1. Residues of the range A:11-40 being in a helix (DSSP H, G or I), over 13 Å from A:Leu99 (Cα atoms) and modelled with pLDDT under 90, which ones?
2. Look at the range A:374-421 and say how many of its residues are more than 29 Å from A:Phe473 (Cα to Cα) and not β-branched (Val, Ile, Thr).
3. I need a count of the residues in the range A:310-365 that are touching a residue at least 40 places away in the same chain (Cβ under 8 Å), of a type in the set (Lys, Arg) and not in a loop (DSSP other than H, G, I, E, B).
4. Out of the residues in the range A:338-370 meeting the condition of being small (Gly, Ala, Ser) and surrounded by 22 or more Cβ atoms within 10 Å (Cβ to Cβ), tell me which one is nearest to A:Thr424 (Cα to Cα).
5. Could you list all residues from the range A:270-280 that are surrounded by 24 or more Cβ atoms within 10 Å (Cβ to Cβ) and either without any contact (Cβ under 8 Å) to a residue 60 or more places away in the chain or touching a Leu at 6+ places or on another chain (Cβ under 8 Å) (or both)?
6. Give the residues of the range A:96-113 that are over 20 Å from the mean Cα position of the chain (by Cα) and in a helix (DSSP H, G or I), sorted by residue number.
7. Looking at A:Asp170, A:Asp112, which is the one that is within 25 Å of A:Lys52 (Cα to Cα) and either of a type in the set (Phe, Trp, Tyr) or facing another protein chain (nearest Cβ under 9 Å) (or both)?
8. So which residues in the range A:121-142 are more than 20 Å from B:Lys199 (Cβ to Cβ) and within 9 Å of another protein chain (Cβ to nearest Cβ), if there are any at all?
Amino acid sequence: MVEIVFLVPLFTGIVAFFLPRNFGRPLLVITGALHLFLSILLWIQRPEPLFKAYFAVAPEGLLSLLVISLLFFLISIYTTGYLKASNIKSEHIFTGSMLLFLSTMTMVTLSDHIMIMWIAIEATTLASAPLIYTHRTAASLEATWKYVLICSVGIAMALLGSVLITISMDVGNVDVPVSFSALTACAKDLDSMWLKAGFVFILVGYGTKMGLAPMHTWLPDAHSEAPSPASALLSGVLLNCAYLGIFKTNKIMCAAGLGDFSGSILMAFGLTSIIAAATFILKQTEYKRLLAYSSIENMGIIAFGTGLGGIGAYGAMICLIHHSLIKSSLFLTSGNILLGYGSRMIEGTGKLVKLMPKTFLAFFGGFVGISGFPPFGIFIGELFIIIGVFRTGHYVLAGIFILSLCVIFAGFANQVMKISFNSTNATTRLKEKTGMIWPQYALLLTSMVLSLWIPDTLYRTIIHAVTSIGGGF
Amino acid sequence: MIHPVDYILSLVLLSVLFSFGSSRLPALIKVLAFQGVVVSIVPLFIGHDLTGWGILFAMVTMTIRGIIIPFCIYLAIKKVAIHREVEPIIGYHASLLAGLGLIVAATYVSHKFDITSISTSTLLLPASITLLVAGMFLLMARRNAIAMVLGYIMMENGIYLVGTTFSVRARHIVEFGILLDVLAGVMIMAVILQNIKQKFDDVDTALLRTLKE
């Protein structure tokens, strides 16, 4: 009975819409804890799904599910404090949408049928749209409009891609269920032309949602306008869900012997995103947009590593997990900064180290982690990808990759120094309560521990996931 | 011999030309409603879907695509009483010419693909490609936010048409899920449109330009 994992938040989400104003906060935490419990149970017991035609427990899905669950639980604790400190008018819509968002994302990780995957990913867009419009300003309205329109049109492309894959079944006279697992098993018989076309459309479609350049334009707006807990969810897990759609399609491509074709396209999109992020990150004036561009960079790195295969694919998986942990911690911390200074601009901040020392520690730790320094996991992931590029002999690509990472680090570091040490007249309006600090520390600590020691079952699941796309050592 | 479904599909092509030529929103919505009805009865004429469930599902699709979705948009423009022009970036005559060129190009392109093993209809693929590209054209060539939503719906209609070729396999429940997603998406867009109108007093997307690099 796998389906209960997404049915629980679906139910509580609907309930939350009808509860009075403050009842949503404990409900958020309780559902988060229950969801985490169910996910761990799922991880240990690996039960069979009730509707086998539509859902399945795949290794990459399990990994994402665990990350989603842990993140949501910690974010829900933070949200309780955040909602107390900030003034959000329609809180029941916010909490309800958060829970529905959790439910749809869980559904993405468990879906096996191609069309159910699409339905779930489109549903994440719809469930998260109200979150971006929480503050009811003109700018947030514009961000919501762009988000819904660009993502819906983009994801429509993925639907077309999914349909093209079913045509490849018809042309190749394959009669199996339209599920990722069944198609991977008989990928050789699918018609390669339609399959290739299907992959390209799916990559463009889900790539829009994942934030790959040049389809990333909605991402900085949506991430900066949404309230911080929602941005943390958007960046930490929503992007992973879209990546999962691409990953599973890439699995079919690799099984069909078209791994080179799909790999080179993934690498091209990945590198474009890294370069785009490097160009835009230098002139950012808002810190949440800065973090959003860093997400685009990391999604680019992940797509690049996935396309590379081999050791690079393993590195991409490591980056995926650690990016979620570190970036969501950074977005939560940016919520503290926003509440403390009351300004989105980097100019409006300063002396973070004096005014909010605990927040500073979380912010600086997150910055060190996301820029790829040890002892955080992104360092290991990026190192594996760079080794992978050199092994395959793409020296020019390696040069561009490393140079872009350096530029991004320089730009990011410059802004972080301004926020942390610039002199300012501003005073903080936020008391640093434990509930708004410890979730970030917990996330960073998890990343740190995981980079030094990976539990055996986790390691085997990662290896199991990446061998299907030609990854591994 | 002309496949019976080709008569219906020619109506789809006509609706594209009408939509490119219409300058007023209510007319555009009516064209889209007509297109939704026509597109949803196509599976019945392909011949492999004449079971009880197939007919029922076609009726449900027709209700949603032909009546509920257009009605949502119609309510949105009625409530906010927006001025009714679609505010073209590319003029109507040029749009019509582009539409004709598009149909020719789509027909040419679809001859390159050999799908005779799946369907014998000559117009199915050209009509789907035309709808897809025409939807994108409306998205880009009209500044009015409502016309953009209508462009998105037209794209969805095109994808549905491609999907009809394989509807033997797809379970109706899956297609129904897709349809619900589209419906919910359009409803959310309609809500955002009303909010845009209240905030900016217009739905001209030129006003939505503050967030950019």
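1. A:Arg21, A:Asn22, A:Phe23
2. Matching residues across the range A:374-421 total 10.
3. Within the range A:310-365, residues that are touching a residue at least 40 places away in the same chain (Cβ under 8 Å), of a type in the set (Lys, Arg) and not in a loop (DSSP other than H, G, I, E, B) number 2.
4. Step by step, filter the range A:338-370, then rank; the result is A:Ala362.
5. Within the range A:270-280, A:Gly270, A:Ser273, A:Ile274 meet the criteria.
6. Passing the criteria: only A:Gly96.
7. A:Asp170
8. Within the range A:121-142, A:Glu122, A:Ala123, A:Thr125, A:Leu126 qualify.
The values are calculated or read from the model by the stated rules, or taken from the named source; none is laboratory data. A quick note: this is a predicted structure, and the numbers were derived from the prediction, not measured. Every residue, glycine as well, gets a Cβ built from its backbone with ideal geometry; the counts of neighbours run over all protein chains shown.
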